[in-house]
1. Expressed as an acute angle from 0 to 90° and rounded to the nearest 10, what is the orientation of the C-alpha long axis of helix 200-214 relative to the principal long axis of the chain?
2. At 7 Å along Cα-to-Cβ for each site, give me the label-to-label distance between residue 201 and residue 30 in nm.
3. When Lys and Arg each count +1 and Asp and Glu each count -1, what net charge do the other residues less than 14 Å away from residue 101, Cβ to Cβ, add up to?
4. Mind checking the angle between helix 227-238 and the chain's longest principal axis? C-alpha axes, 0 to 90 degrees, to the nearest 10.
5. List the lysines whose alpha-carbon lies under 20 Å from that of residue 148, not counting same-chain residues fewer than 8 positions away?
6. Could you check the simple spin-label distance between residue 267 and residue 254, using points 7 Å along Cα→Cβ, in nm with one decimal?
7. Run the Debye formula on the Cα coordinates of the chain, all scatterers equal and no solvent, and tell me log10 I(q)/I(0) at q = 0.07, 0.14, 0.16 1/Å.
8. Given a cut-off of under 8 Å on Cα pairs at least six residues apart, what relative contact order in percent is computed for the chain?
Amino acid sequence: MTQQTEGQSIVQQFMVPEEPNYIPQDHEEQVFEHACNTKIPLILKGPTGCGKTRFVEHMAYQLKLPLITVSCHEDLTASDLVGRFLFKDNQTVWQDGPLTLAVRYGGICYLDEIVEARNDTAVVIHSLTDDRRILYVDKTGEVIRAHKDFMMVMSYNPGYQNVAKDLKHSTKQRFCSLIFDQPSTDTEVKIITSETGLAEDDARKLAEMGKQIRSLKGFGLDEGVSCRLLVYVARLMKSGLDAPTAITVAISQTLSDETEIIHSVEDIAKLYFGDMLEEEKTEHGA
C-alpha cells in the first residue's frame, strides 16, 4: 500500500457514519455549504452545549466529507496538528497530524475550543486560511497545497475567553463567523423529543424550565443550563428516573457547587415538576 493510498484510507475512517440528529435554528446550513464551496473558513461562536459540534457533524454528513476533530487544550502544540517523526520498524518515519491529513487528502478540520490551544497553533493555520491555502511542514520542508475538499472550521465559547486567550484579529479576520446560542423553546422541545423520545408535555416543561434557569446567568451562575444537560435529564427520565432526581444530578449539582445556587435552580424546577416531587415524598412517606 502506497503512502497516498494509506493516507486516503485513514481519512475515510473519519467519515460520519450515521446522520446526526440536528434541527436547524436559522440559515446556518446554507452559510456553511456556501463557505465550503467558496473555500472560506468558518468560526463558530457560542456557549457550551448549544450544538456547535453537532452542527459540524451534521454538515460533514450532508456534504459527505471526512470530519477530523481536534479538542484543543493548553498543551496542544503546532506539532500535534501538523505531525511528527516516529520511530517505527527500526526506522524514523513521518506521521501526518490531523491538520495535515485533512489538508493533504481533503476533509473538514474542526478545531474545537481553539482559544484553549497555544498561540503557535494559530500561526500554523494562517497560510491555510487565505488565498494561498498551503501548509508548510518545516520539519520535512514540504509545502502542501490544500485539497479541493479541505475546509477549516474552528469554535470557541466567547463567554469563557479572556484577553490572554482571545484570538488575534489577524486570525479572526481570516474567517467568516456564525454565532450560536441556546435554541428557542419550541426548537428545544423538538430537540429533546427527537433525541430522547420523551413525551412532548414533559419536554416542553424542561425547555421552559431551562429558559428560566438561564435567567440566573450573571446572578450566581457563570453559564446557563445547556440544551445538552436538558437532554441528559430527558434521557434519565425516559429510562425511569424521577424528574426531581434527574434535574438535581444533571443540572443543579452540575452547574454549581454553591448550596444557595443549587437550591435556586431546584426551586425553579419545582415550578415545573413540583407535582412529581410531591409524589416522591408521598411514596417515601408511605
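FYI, it's all coordinate maths here, none of it is from the lab. Predicted model, so just to flag it, every value in this text is computed and none were measured. All Cβ positions, glycine included, derive from the backbone under ideal geometry; neighbour counts span all protein chains shown.
1. Helix 200-214 sits roughly 80 degrees off the main axis of the chain.
2. 3.9 nm
3. Working: positive: 84, 104; negative: 6, 80, 96, 142, 149.
For residues surrounding residue 101, the net value is -3.
4. Approximately 50 degrees, to the nearest 10.
5. Within the straight-line limit of under 20 Å, residue 148 reaches these lysines: 39, 64.
6. Spacing of the two 7 Å Cα→Cβ label points: 2.3 nm.
7. -0.34, -1.03, -1.20
8. Working: 433 pairs, mean separation 53.1, N = 286.
Relative CO of the chain lands at 19 percent.
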